[in-house]
Amino acid sequence: MCFCIVINVLCQHIDKKPTKRFSVYRDTLVLNREFKTFQHNTLKDTKYHSRDLDLNYLAPSYPTESNFQQLQKALALPKAMLLIGLYSGHQDNTRNWMGKHTIQESIQYELPGYRSYADDYIQWAPIAMTYGIKAYGIKGANDMWTSTKLLLKAELITSLVCHTFKRTAANARPNGRNTKSFPSGHTSQAFVAATFMHKELGHLSPWYSVAAYGMASTVGTMRMMNNMHWFSDVMVGAALGTGITNMVYFFHNKRMNKKKRSWVAAPSIQTEHISLTMHMAF
């Protein structure tokens, strides 16, 4: 992305040729300002012709959102999932229509004694698919080494936060096995993997994102079907995995854009006009 600041001084003569304008290119902000054009009807009689600045020439095709707004946008969905999970798990709401006890009892009534170990493997599937697709030759948003570093950061932070909450909250599982129910570690891992695949391949086709989050949602559903987690555990786990991975990518992109910032000036002298084009790339 770059800002292109164009200062274009036009000097017209008797031939009355139309004033040339710079084109507005994609991802470029062109400030094309027409100055007073001198039109000479006679050698002695000079008339001044002025044109108003057309604001349509100010074509901002660069991101106009602030860093805070971009971060808020990236965290909008995780915040919604977090609020739903906390509402469902609150002691005053556990028996209402979205309460964790109501949902869990309904699932166990429909699927008594259900047990499957598929969720232990599906949680890693988006990561394996992402590396497999890249190895096949499809280029993602980042190279292999960069994407691996980002994934490791997201995995480490999510794991630390998730296990800290498990020890602090000490909530009992639905089956009573232990007090490490809140939040769901399998679900948080699955949504780290899904968000990783979305960030790396989602810009190529939305079906990559659909497949990734579909697998992650399957893991969360199976954790409740296996009677290992409450609905609130799954929603908060999904919020942690998605939100932390989004933040890792956000700060990485911000740092990389800052490194790429530079100024370039390109003067141009032609028969009918003189121009100075200045680029700020970032």
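Every number in this text was worked out from the coordinates using simple rules, so none of it is lab data. Values in this document were obtained by computation on a predicted structure and should not be read as measured data. Virtual Cβ from ideal backbone geometry, glycine too; neighbours counted across all protein chains shown.
Below is a table of values for the structure above.
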{"item": "Whether segment 70-173 is rounded, prolate or oblate, judged on the alpha carbon gyration tensor where a/c under 1.5 counts as rounded", "result": "prolate"}
{"item": "Net length gained if the chain between residue 68 and residue 135 were fully extended (0.36 nm per residue, minus Cα distance)", "result": "20.6 nm"}
{"item": "Label-point separation, residue 168 to residue 203 (7 Å along Cα→Cβ), nm", "result": "3.5"}
{"item": "Inter-label distance, nm, simple model (7 Å from Cα along the C-beta direction), residue 128/residue 152", "result": "2.2"}
{"item": "Extension gain, residue 106 back to residue 161 (0.36 nm per residue minus Cα-Cα distance, nm)", "result": "16.8 nm"}
{"item": "Net charge of Cβ neighbours under 12 Å - reference residue 249; Lys, Arg +1; Asp, Glu -1", "result": "+4"}
{"item": "Bins of 10 Å from zero: percent of alpha-carbon pairs in segment 67-259", "result": "9, 35, 34, 16, 5, 0"}
{"item": "Theoretical FRET efficiency, 1/(1+(r/R0)^6), r = Cβ-Cβ of residue 179 and residue 116, R0 25 Å, to 0.05", "result": "0.60"}
{"item": "Cα-centred dipole magnitude for segment 144-217, charges only on beta-carbon of K, R (+1) and D, E (-1), debye, nearest 20", "result": "340"}
{"item": "Efficiency of FRET between residue 143 and residue 77 - r from beta-carbon atoms, R0 25 angstrom, step 0.05", "result": "0.40"}
{"item": "Distance (nanometres) between label positions extended 7 Å along Cα→Cβ at residue 98 and residue 256", "result": "3.6"}
